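These notes concern the structure reproduced below.
The values are calculated or read from the model by the stated rules, or taken from the named source; none is laboratory data. Keep in mind the model is a prediction, meaning the values are calculated, not measured. No Cβ is skipped: glycine too gets one built from the backbone with ideal geometry, and neighbour counts run over all protein chains shown. Heads up: the accessible areas ignore ligands, DNA and RNA and are worked out on the full protein's heavy atoms, side chains in. Shrake-Rupley method; radii C 1.70, N 1.55, O 1.52, S 1.80 Å.
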Amino acid sequence: MDLTPTLERIAERVRPHLAEGKVAGYIPALARVDPQRFGIAVVSVDGRVSTAGDARVPFSVQSISKVFTLTLALDKVGSELWTRIGREPSGSAFNSIVQLEREGGIPRNPFINAGAIAVTDVLLEGRPPQAVIDEILAFLRRRADDPAVAIDEEVARSEADTGHRNYSLAHFLASFGRLRNPVDSALSVYFHQCALAMTCVQLARAGLFLAAAGHDPLSGERVVAPERARRINALMLTCGHYDASGDVAFRIGLPGKSGVGGGILAVVPKRAAIAVWSPGLNANGNSHAGTIALEMLAAEMGWSVF
Ligand code: GLN
């Protein structure tokens with residue numbers, strides 16, 4: 001089905017909401033992004049690509065990258081990962097420090113910053129950060145079926161220069177003996193994965209395996225086993241929007257992962273992957289107009305996992 005007219009209508013309807021969100025100001029390279037940008041792409045399991053707006057303009061995927069690093073880490077260590085990271089919604093901000101200290105350095109889930117930093121530590125396994133950064137980039141290029149996917153070095157540097165909270169979280173993890181690699185190595189990987197620049201089309205294509213029981217329906221590759229895809233989706237639904245995950249499940253009812261670049265990747269099991277981008281964020285650090293657009297699309301299509 002060609003969803004282009006539907007997406008174009010949604011792009012038109014969300015326009016008044018674009019100015020309501022606030023662009024992430026704490027990462028200087030992101031603070032400069034035009035808040036009027038809006039893009040949306042749907043890639044269906046049968047390979048149809050429908051888009052509207054700036055769906056082919058690269059943006060900083062930020063925390064959406066955590067879905068892909070989690071996938072790689074599970075591939076490396078399997079369920080042993082869950083001895084180091086929890087699987088519960090945090091009910092706290094994505095960069096909260098208090099909970100990490102109270103809970104002895106075990107991050108609540110792999111999508112809050114502390115959890116994602118612990119995931120990068122798993123991926124490092126004593127290797128230099130560049131080897132892991134290359135592995136992540138290669139994985140995203142393959143999943144997006146596009147060699148043009150790149151890392152924006154300026155964004156990575158900008159985060160490293162201002163990432164005091166992430167340094168704090170990583171040092172807390174280390175102080176509890178939860179990191180096996182140097183703090184700087186874990187953070188170098190983390191800042192670079194967050195600085196991946198991708199378009200909505202690339203991102204939706206990259207997430208398609210999650211809509212197809214872990215198998216890439218277009219290339220035929222098995223990316224993860226079906227039960228693992230189900231579990232990644234479960235984590236996205238319960239933890240993918242931080243302390244707004246409940247609200248997003250209520251309003252949209254699809255597994256999703258947001259990033260402070262204003263992107264959201266959402267999964268419609270057996271049907272499609274959706275990526276939406278609008279840089280203005282709500283108070284929880286999720287795309288304001290992007291969430292509204294997903295709500296409209298899910299309602300119109302009757303898409304929900306419930
Ligand atoms: N790079 C961002 C940070 O560490 C990622 C947070 C996000 O996208 N929610 O703060």
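Here the chain was treated as a single set of alpha-carbon atoms; its pair distances binned every 20 Å from 0 give 38, 59, 3 percent. Note on THR4: accessible area approximately 40 square angstrom, rounded to 10, probe 1.4 Å, nucleic acids and ligands left out. If you take all C-alpha pairs in the stretch 5-132, what percent of them are over 23 Å apart? That tail contains 52 percent of the Cα-Cα pairs. Counting only protein heavy atoms and using a 1.4 Å probe, the accessible area of LEU265 comes to about 0 Å². With each label modelled as a point 7 angstrom along the Cα→C-beta vector, the MET301-ASP34 pair spans 2.7 nm. All alpha carbon pair distances within the stretch 16-64 were sorted into 10 Å bins beginning at 0; the resulting P(r) in whole percents reads 20, 46, 25, 8.
Heavy-atom accessible surface of SER44, to the nearest 10 Å², is about 20 Å², with a 1.4 Å probe and all protein chains retained.
The fraction of accessible area contributed by carbon and sulfur in the chain is 51 percent, rounded to a whole number (1.4 Å probe; ligands and nucleic acids excluded). In this simple spin-label approximation, THR4 and ALA234 carry label points 7 Å from Cα along the Cα→Cβ vector, and these lie 4.0 nm apart. In order along the stretch 122-127, phi translates into HN-Hα couplings of 5, 5, 5, 6, x, 7 Hz, rounded to whole numbers, per the Karplus curve 6.51 cos²θ - 1.76 cosθ + 1.60 with θ = phi - 60° and x for Gly and Pro. Given the options GLY253, GLY53, GLY25, which has the most mean-square fluctuation in a GNM of the chain, springs set between C-alpha atoms less than 10 angstrom apart? Sorting by GNM fluctuation, first place goes to GLY25. Under the rule a/c < 1.5 gives rounded, and otherwise a/b versus b/c splits prolate from oblate, where does the stretch 49-123 land using the Cα gyration tensor? Oblate, because a/c is 1.5 or more while a/b does not exceed b/c. Note that the chain presents 39 Å² accessible area per residue, ligands and nucleic acids not counted, probe 1.4 Å.
Taking the stretch 33-142, which trypsin sites (Lys or Arg not before Pro) meet the DSSP loop condition and have no more than 12 other C-beta atoms within 10 Å?
Numbers: sites: ARG37, ARG48, ARG56, LYS66, LYS76, ARG84, ARG87, ARG102, ARG108, ARG141, ARG142; in loops: ARG37, ARG48, ARG56, ARG84, ARG87, ARG108.
Counting only loop positions with at most 12 other Cβ atoms within 10 Å, the trypsin sites (Lys or Arg not before Pro) in the stretch 33-142 are ARG56.
If I build a Gaussian network model for the chain, linking alpha-carbon pairs within less than 10 angstrom, which residue out of ALA52, ALA213, ALA131 has the largest mean-square fluctuation? Checking each option, the largest mean-square fluctuation is seen for ALA131. Amide H to amide H, with H built 1.01 Å from N, ASP152 comes under 5 Å of LEU196, ALA197, counting only residues 5 or more places away or on other chains. Between ARG127 and HIS171, the simple spin-label model (points 7 angstrom out along Cα→Cβ) gives 2.9 nm. Charging the Cβ of each Asp and Glu at -1 and of each Lys and Arg at +1, and nothing else, the dipole of the chain about its Cα centre rounds to 460 debye. Here the stretch 1-144 is treated with +1 on each Lys and Arg Cβ and -1 on each Asp and Glu Cβ, and its dipole about the Cα centre works out to around 200 debye.
Computed on the stretch 226-305, with alpha-carbon pairs under 8 angstrom and 6+ residues apart, the relative contact order is 25 percent.
Determine the gain in length on full extension of the stretch PHE250-ARG102; use 0.36 nm per residue of separation and subtract their C-alpha separation, reporting nm with one decimal.
50.4 nm
When only alpha carbons are used to place a centre, the stretch 202-259 and the stretch 69-89 end up 15 Å from one another.
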